[in-house]
Every structure is written in C-alpha cells, then in structure tokens.
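The structure under discussion appears below in the form of structure tokens.
The values are calculated or read from the model by the stated rules, or taken from the named source; none is laboratory data. All figures in this text were calculated on a predicted structure; none of them were measured in a lab. Cβ placement follows ideal geometry from the backbone for every residue including glycine, while neighbour counts extend to all protein chains displayed.
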Amino acid sequence: MNTNILEIKDPILSIENLSVAYDKNVAVKDVSVGIKKNTVTAIMGPSGCGKSTLLRVLNRMHELYENIHTTGTVLLNGEDVFKMSPIKLRRRTGMVFQRPNPFPTMSIYDNVIAGYKLNGISQKKAERDEIVERSLRDVALWDEVKDSLTKKGTFLSGGQQQRLCIARALAFNPEIILLDEPTSALDPVATSKIEDLLITLKENYTIVMVTHNMSQAARISDYSLFMYLGELVEYGKTKNMFTNPQDRRTEEYLTGKFG
Amino acid sequence: MKVTGIKDNIKLRINKDRIFLSLVVLFSVITVSPIVLIIFKLIEKGYKQLSFSFLIEKTPDTLQAMSAISAHEVIPGGIANGILGTFLMVALAGVIAIPVGIISGVYLYENQGKLMANLVRNVSDILQGVPSIVLGLISYMWVVKHITHGFSALSGSVALSIMMLPMIVRSTEETLKMIPQTLKEAGLALGIPYWRVLFGILIPTGFSGLMTGILLAVSRVIGETAPLMLTALGSTVINTNISKPTSAIPLLIWEFYNDPNMVDLIWSSSLLLMIIVLTFNLVSKQVAAQRK
Amino acid sequence: MNSDKITKIVLFSVSFIILIVAGGMVFSLVGGAIPAFKTFGLGFITSTQWDPTDGHEVYGAMPFIAGTLITSFAALIISFPLSFATSLFLGEYYRNTFVAKILGTMVDLLAGIPSIVYGLWGFYVLRPFLIDIGFENQGFGVFTASLVLAIMIIPYATSLSNEIISMVPNDLKEAAYSLGATRYEVIMHVTVPAARSGIFAGYILAFGRALGETMAVTMLIGNSIKMPNGLFSTGNSMASVIANQFGEADGLKLSALISIGLLLFVITGIVNWIGKLIIKKMS
Ligand SMILES: Nc1ncnc2c1ncn2[C@@H]1O[C@H](COP(=O)(O)OP(=O)(O)OP(=O)(O)O)[C@@H](O)[C@H]1O
Ligand SMILES: [Mg+2]
C-alpha cells in the first residue's frame with residue numbers, strides 16, 4: 001500500500017484499481033481512492049495527466065467515446081456504478097463543465113428543470129417551481145434572475161451562466177457533484193463567487209473538482225489528489241499536501257517546477 | 001429537501017432510443033437505395049445496346065427501329081448526334097459562363113462588404129434558384145426569336161450558361177476567400193501589377209478549386225432536358241452549326257420515350273448519360289479532395 | 001489611366017453582366033406575359049380554365065399553380081422522414097465514420113442524377129410497382145410525381161441540415177447526457193432544437209427546388225389541364241405545363257405559358273429568399 005495515499009473511512013465514492021485506456025494509450029493507471037462525504041476534493045496535475053478522464057468515468061460519461069476501456073470498480077454509496085443504469089447514475093451525480101453551457105434554446109427556468117424534461121419526468125407546476133427556486137437559491141442566483149426566468153439562459157454573464165449550470169446539476173439533488181475546471185473560462189470576480197458557492201454547497205453535497213489553479217485548490221478544497229502521467233501520486237488533506245508534500249513530483253508541481 | 005417520486009420507465013426510454021436508431025438507419029438506407037436501384041436498372045437494361053457503333057452512328061428513324069424490333073434484332077444506329085450536340089452546347093455554354101463567372105467571382109472577392117458586390121452576389125443567388133425551364137423560356141425569347149430566328153444550339157447554350165454562371169461565381173469567390181491574404185500582399189509588394197496578381201497568382205493558386213466548381217456546374221447541366229426542349233429542339237442529323245437545331249443526349253431520351261418503337265434505346269442512352277454525369281461529378285470530387 | 005484602374009473597371013463591367021441578365025429576364029418575362037394579363041386580367045391567376053380552341057381561347061393558371069404546390073408539398077412531407085433520418089445518420093450517429101462517408105457520397109450522387117432519368121425510373125419502375133401493390137390504379141398523377149420529386153429533393157434538404165446538426169457544440173450534448181438523457185432524448189431536446197432553423201431552411205430550399213423541377217414531373221403527373229382534385233388525380237405543374245404545351249404555342253397561348261413562367265419565377269424567388277433569410281439570421 002502506498003503511504004502517500006490517505007485512506008478514507010466510509011467514503012461516499014470509492015474508486016478501486018481503476019485503469020482507463022483510449023485504445024492502447026493508458027490515461028489512468030490503477031487508481032484507488034475514496035472520497036469523503038460533504039467535502040471538496042480537488043484533482044490536480046499537469047495537462048494530459050488524466051484528470052478529466054478520471055472524472056468522467058465517475059458518472060460514466062466516458063462511454064460517449066467508443067475507443068475507451070476501463071478496468072476496476074467505482075462504488076457510489078457502496079453500489080457498483082458499472083452495474084447501474086447510466087441514466088440513474090447520472091441523475092445521482094451532477095456534472096459541470098469547463099465552459100458554461102446552458103441550453104441555448106431553453107429559458108433560464110427550463111434550463112434548471114432540464115434534467116426532468118430530458119428524462120421525461122412530469123411534475124405539477126408547483127413542484128417544478130419549487131425545484132427551480134431551490135436550485136437557483138442554492139447557487140445564489142435566485143435574486144438576480146427571479147424576474148427574468150423566461151429569458152434565455154444565454155443572455156446571462158459568463159459567471160451567471162456557470163452558476164445556472166451548477167443549478168441545473170443540483171436540480172436532481174445529486175449525491176455528488178463533478179466539476180471539470182469550472183472557473184477556467186471565467187474572470188476573477190465570477191471565479192471567487194463560484195468558489196464561495198462551492199464552500200457553502202459542501203454542507204449538502206459532496207464535491208469533486210478538477211482544477212489547474214493551485215491557489216483555488218488551496219482555498220476551497222479539503223482533500224487534494226495529485227496525478228501525474230495517469231498515476232495517482234499523492235492523496236491527502238489539502239493543508240498537509242500543500243505544507244508538506246510527500247512525493248517529490250507533488251512538491252515540484254506545487255512549487256511550479258512543471259505543469 | 002428530497003426530490004420526491006421520480007417516476008419514469010427507464011426500460012421504455014432505452015427501447016425508444018434503440019428503436020429510434022433503427023429507424024434512422026432504416027430510413028437512411030431507404031434514402032440512398034434509389035441511386036443503387038436506378039444505376040442497376042440502367043445497367044441491366046442498357047448495357048446490351050451500348051457498343052462502339054452506338055457512340056458513332058446517328059439515331060435510326062422510327063421505321064428502321066420498328067423493323068429491327070419485329071425481326072428481334074438490336075435496334076441499329078446510335079446517338080452520335082446527341083453526344084455531339086451535348087458536347088457542342090455544353091462547351092459553348094462553358095465558353096460563355098466560365099470567363100464571366102470567374103471574373104465576377106474575383107470582383108466579389110475583391111469587394112467584400114461593398115454595396116454593389118452584395119447586390120451582384122444576391123442577384124447571382126437568385127439566378128441560381130431560377131427553374132431551368134424558365135431559363136429555357138428566356139433563351140427562347142432572346143435567342144430563338146431575335147438572334148438565330150429559329151431553334152438553335154446557341155439558344156440551348158445560352159440557357160445552360162445562365163444555369164452554370166451562378167455556380168461558377170460562387171465557387172470562385174469561395175475558393176479565393178480560402179487563399180491567405182498574405183499571398184496577394186506579397187505579390188503587390190513585389191510591384192507586380194494588380195491584374196497580374198489576380199490572374200497570375202490568385203487564380204492559379206485556386207485553380208483546383210475553380211476546376212471543382214466548373215466540373216460540378218458542367219455535371220449539373222449535361223443532364224438538363226427541359227430548357228433544351230424550348231431552345232435546341234433536337235435534330236436527327238449531326239449538326240455543328242450553332243444557329244441550327246441540335247440534338248442532345250437528354251433530348252434523344254425524351255424523343256425515345258415518346259416513340260414506342262424507340263423505347264429500347266432509352267436505357268442505353270440514359271446509361272451513357274449517367275456515366276458521363278457521374279464521371280464529371282466524381283472527377284470534381286477527386287479534384288476537391290486533392291486540394292486538402 | 002493606369003492598369004489597376006482598368007482592371008477594376010473590367011471586373012466591375014463583367015460582373016454587371018449578371019445584373020443585366022437578371023434584369024433582362026424580369027423584363028422579358030413581364031413583357032411576354034403582358035398579352036395574357038391584358039386579356040384575362042388578374043383572373044388569369046385564379047381562373048381554372050384552359051382552353052386553346054381557336055375562337056374562344058381561355059387561359060387560367062390556377063390548375064397548374066395548384067398542381068405545383070400540391071406536388072411540392074407532398075414531396076416535402078414524403079422526403080421529411082427520409083432526409084431527417086439521413087442527416088442524423090451523417091451529422092450525429094455516424095459522424096466522421098467510413099459508412100457516413102459512403103452514405104454521404106451516395107446522397108450527393110442522388111443530386112447528380114438527371115431529372116429525365118428520374119422520370120424514366122418513375123415511369124418504368126415505380127409506376128408498375130405502385131400499381132402492383134394496389135396503391136394506385138393508373139400509376140400516373142400527383143402522388144407518383146411527388147414520390148419521385150421527394151427523392152430528388154432529399155439531397156438538398158439533407159446537406160444543409162446534416163451540416164448544421166454536426167455543428168451543434170459537443171458540450172451541450174454532454175451536459176444533457178450528464179443529466180441522464182438517452183441519445184434519443186439528447187437529439188430531440190438539445191441537438192434538433194439547437195439546429196432547428198438550419199434544418200428548416202434546408203427544407204425551404206428543397207421546397208424551392210421541387211417547385212421548379214420539370215422533366216420528372218412532366219413524365220409522371222399525367223398531363224391534364226384540369227384542376228387536380230386530390231393526391232391521386234392527374235394534373236400538371238407550372239413547369240410541366242410549359243414543357244407539355246410549349247411545342248404548339250404561339251400568340252396568346254405562348255403569352256399564357258410565359259406568364260406561368262413568370263409566376264413560377266416569382267414563387268421560387270420568394271421561397272428561396274425566405275430560405276436564404278433564415279440562413280443569414282442564423283450566422
Ligand atoms: N477522446 C480521446 N481519445 C484518445 N485519447 C484521449 C482522448 N481524450 C483524452 N485522451 C488522452 O488521454 C490522456 C488524458 O487526457 P485528459 O483529458 O484526461 O487529461 P487532463 O488531465 O484532463 O488534461 P487537461 O488538464 O489538459 O484537461 C491524454 O494523453 C489525452 O491525450
Ligand atoms: Mg481536462
């Protein structure tokens with residue numbers, strides 16, 4: 001057992017011996033890690049080290065590519081995600097992407113409720129209204145948009161759009177939220193709003209976030225995971241990792257020697 | 001807060017997804033099946049008649065055809081008058097449309113965003129949408145009535161050239177737009193006169209693009225029948241005088257179709273027409289592919 | 001005068017030919033149409049009578065306007081499921097694959113087949129088939145013409161919608177997948193809505209093609225001068241009546257045919273213009 005890898009008791013998400021390859025190109029090598037409930041976990045590492053690949057396997061978004069193969073297991077609350085229907089899995093996990101991507105043909109309201117619409121789930125109007133308001137309040141967008149819910153989501157600013165996308169992911173009350181560099185396309189003010197938001201969200205949700213921004217990881221994450229060339233090099237409390245990295249490669253990355 | 005009562009039938013949704021994909025594949029196959037069926041039919045019924053003499057002899061008259069049919073022989077003669085007529089009229093149409101089309105394309109490229117250029121571009125687009133039969137009417141009124149005073153190859157060519165013109169204009173402009181601006185600037189910086197830069201540097205650079213457009217335009221007009229019915233009319237003899245009525249392969253097909261004795265000839269003529277059209281089509285694709 | 005100036009003048013004057021041709025076209029069509037409109041007034045458009053008998057000549061364009069619109073609409077409706085499926089095949093399901101390349105080339109070739117060959121195929125293959133399966137008892141008429149017309153316009157509808165569908169950003173689709181949608185749901189709720197104006201414009205342009213198609217319709221629609229009364233009746237389209245009746249035409253009849261040409265020119269112009277407008281709005 002690698003001593004640089006912290007063991008988490010009762011993880012909400014448990015990744016065991018996960019390897020992922022595109023054709024013959026191995027992008028994630030034998031990663032085993034547990035994610036703790038109600039925390040923010042940051043995935044870091046130089047470009048191309050497999051962060052996005054790892055994240056996308058967690059809700060089986062990797063299956064959209066045909067040339068990809070995985071071995072190992074991922075357990076969400078003890079259930080094997082590969083044995084679940086991907087539809088159910090994806091409803092239990094929310095995902096937020098690098099660029100804000102609200103559906104351009106839908107209103108703000110419809111964007112928030114999009115998951116229900118896409119899944120063909122019908123509800124009473126009151127129920128829908130409640131979900132929309134709750135999700136928009138969760139991302140601190142309600143006050144800004146409550147009078148323009150019928151406007152297209154694409155009219156909002158970049159930061160607002162990204163919060164709308166987070167609201168869309170929250171509408172199903174997911175057990176875990178996966179974010180892939182959610183602030184890399186945003187300006188500093190919008191970025192810090194999203195960071196504040198993620199800190200409040202972890203009270204109710206578990207957050208896993210890929211980031212290139214080390215100070216962001218330091219500011220908001222509780223646990224950090226450092227990957228290098230597909231391998232999990234180090235995993236631990238963020239504070240410990242930043243003050244006292246165990247592995248030379250982690251240290252070099254954190255001190256800006258590469259990446 | 002808990003999200004209550006998510007009720008949906010995942011099995012049903014997955015089945016719907018699968019059925020939809022099957023329908024997409026099925027309908028796509030149905031969509032392209034006519035091309036296979038048509039080509040197969042033409043080959044099946046037309047290959048027998050297709051011989052060297054079919055290419056070099058002129059059309060038989062209906063009596064010759066009738067006696068050949070009653071003697072269970074292959075109908076004698078060929079469609080040389082149609083082949084030559086098609087060649088003559090398309091070539092003449094090209095002579096008219098290609099220079100005008102290329103120069104206009106250059107004009108549009110050189111005057112991006114200007115009012116007059118936009119007008120020319122829009123009008124050219126309108127021309128592209130005009131039904132070919134209307135072009136036949138126009139050429140009838142212009143050429144048949146006032147220039148050749150009778151049905152003629154020239155009037156057919158004019159109709160075809162108006163059809164080709166907008167296609168060539170568009171492909172020229174699109175091709176030139178893809179050539180890096182620096183090339184033109186480099187030429188001008190060397191002190192080369194403007195017209196030489198345009199026609200000595202830009203046009204040769206975009207040559208294969210222009211060629212693709214021209215070949216495609218040719219392949220589109222070769223099979224045109226309707227405008228020729230109103231202009232070139234058709235002829236049973238080989239004609240090289242552009243002010244006289246002239247035949248063309250599609251016109252002959254139309255005549256054979258209307259003459260019960262000649263019906264056997266439609267398939268071989270259509271097969272030949274398809275071979276010519278598809279050759280132009282595929283060659284233009286090949287030229288386009290080589291550019292990349 | 002220096003050579004640059006001359007070059008510019010030459011470029012401009014040659015391009016001006018396009019304007020002259022188009023202007024002359026309108027001028028000649030209107031000029032040729034005047035006798036008919038003078039005799040029958042605007043009633044020419046609405047009248048359903050067509051009688052070339054000397055002495056009591058009457059011409060009205062309505063049967064052919066109706067024939068054109070009915071065949072083109074029917075063709076559009078028939079071609080819709082086919083070209084919609086094909087554009088999803090090419091632009092979504094099998095994008096950038098070898099099979100898509102083959103299928104795409106075949107669709108392109110469909111556009112290359114001459115109209116008269118479609119007409120022959122419709123007459124000698126499709127028509128007997130329709131009679132055999134008991135769908136039609138004479139095999140001629142509006143429906144048969146529409147069916148062949150539908151095949152002919154598929155490439156025009158497909159090429160634009162395929163292109164637009166394949167340009168729908170991937171991250172929109174991924175967002176929908178991440179919410180648990182199936183591929184069908186992603187297509188229906190995200191891809192198609194995002195591409196809808198392009199798809200719509202494609203069908204408008206295809207409709208414009210259908211309006212002016214001549215030979216295949218001429219060979220299949222049954223060449224009747226009566227008002228078509230349904231999908232299975234015979235008739236004539238504006239283009240086919242010109243092709244069918246031009247041979248014996250002069251005087252007032254010729255003017256009537258030119259008037260029909262003018263109307264066809266105007267109708268296709270409007271339809272194409274709407275299509276272009278939608279495309280322009282998109283970009
Ligand atoms: N669709 C794909 N097909 C083939 N190889 C891929 C594909 N996507 C990613 N890869 C490869 O897998 C490896 C990991 O990619 P991944 O996108 O997971 O890296 P990343 O850590 O997210 O990088 P970045 O920080 O640049 O986003 C890279 O070598 C990449 O080239
Ligand atoms: Mg990434």
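Scanning segment A:75-97 for residues that are under 24 Å from residue B:9 (Cα atoms), in a strand (DSSP E or B) and within 9 Å of chain C (Cβ to nearest Cβ) returns A:93, A:94, A:95. The sole residue among A:52, A:47, A:19 that is outside any helix (DSSP H, G or I), under 30 Å from residue C:97 (Cβ atoms), within 16 Å of ligand 2 (Cβ to nearest atom) and touching a residue at least 24 places away in the same chain (Cβ under 8 Å) is A:47. For segment A:55-78, the criterion of a residue being within 22 Å of residue A:249 (Cβ to Cβ) and either away from ligand 2 (no atom under 16 Å from the Cβ) or surrounded by 14 or more Cβ atoms within 10 Å (Cβ to Cβ) (or both) is satisfied by at least one position.
So that you can scan it fast, the table gives a plain yes or no per residue for (1) of a type in the set (Gly, Ala, Ser); (2) under 14 Å from residue C:117 (Cβ atoms); (3) away from chain C (no Cβ under 11 Å):
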site	(1), (2), (3)
B:213	yes, no, yes
B:233	no, no, no
B:256	no, yes, no
B:270	yes, yes, no
B:283	no, no, yes
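Only one of the listed residues (C:116, C:151, C:133) is among the β-branched types (Val, Ile, Thr), more than 30 Å from residue A:182 (Cα to Cα) and surrounded by fewer than 21 Cβ atoms within 10 Å (Cβ to Cβ). That residue is C:133. Residues in segment A:64-83 that are within 18 Å of residue A:95 (Cβ to Cβ) and within 12 Å of ligand 1 (Cβ to nearest atom): A:64, A:65, A:68. Annotation: residue B:284 fulfils all but one of (1) part of a loop (DSSP other than H, G, I, E, B); (2) small (Gly, Ala, Ser); (3) within 15 Å of residue C:109 (Cβ to Cβ); the unmet one is (1). Restricting segment A:40-54 to residues that are among the hydroxyl-bearing types (Ser, Thr, Tyr) and either within 14 Å of chain C (Cβ to nearest Cβ) or near ligand 1 (Cβ under 9 Å from one of its atoms) (or both), the residue that is surrounded by the most Cβ atoms within 10 Å (Cβ to Cβ) is A:53.
Within segment A:98-143, being under 18 Å from residue A:174 (Cα atoms), within 14 Å of chain C (Cβ to nearest Cβ) and touching a residue at least 40 places away in the same chain (Cβ under 8 Å) holds for A:111, A:112, A:113, A:114, A:115, A:116, A:131. Counting only residues that are within 16 Å of ligand 2 (Cβ to nearest atom) and either in contact with a Lys or Arg (Cβ under 6 Å, 6 or more places away or on another chain) or small (Gly, Ala, Ser) (or both), segment A:208-226 holds 2 of them. Look at (1) in contact (Cβ under 8 Å) with a residue 60 or more places away in the chain; (2) within 16 Å of ligand 1 (Cβ to nearest atom); (3) away from chain C (no Cβ under 14 Å) and you find that residue A:3 fails only one, number (2). Of the residues in segment A:193-207, none is in contact with a strand residue (DSSP E or B) (Cβ under 6 Å, 6 or more places away or on another chain), away from ligand 1 (no atom under 16 Å from the Cβ) and more than 23 Å from residue A:112 (Cβ to Cβ).
The residue that is surrounded by the most Cβ atoms within 10 Å (Cβ to Cβ), counting only those in segment A:125-151 that are in a loop (DSSP other than H, G, I, E, B) and β-branched (Val, Ile, Thr), is A:139.
For segment A:18-31, the condition holds for no residue, the condition being that it is near ligand 1 (Cβ under 9 Å from one of its atoms) and under 12 Å from the mean Cα position of the chain (by Cα).
A single entry from B:32, B:24, B:3 fulfils the requirement of being buried (at least 16 other Cβ atoms within 10 Å of the Cβ) and modelled with pLDDT under 90: B:3.
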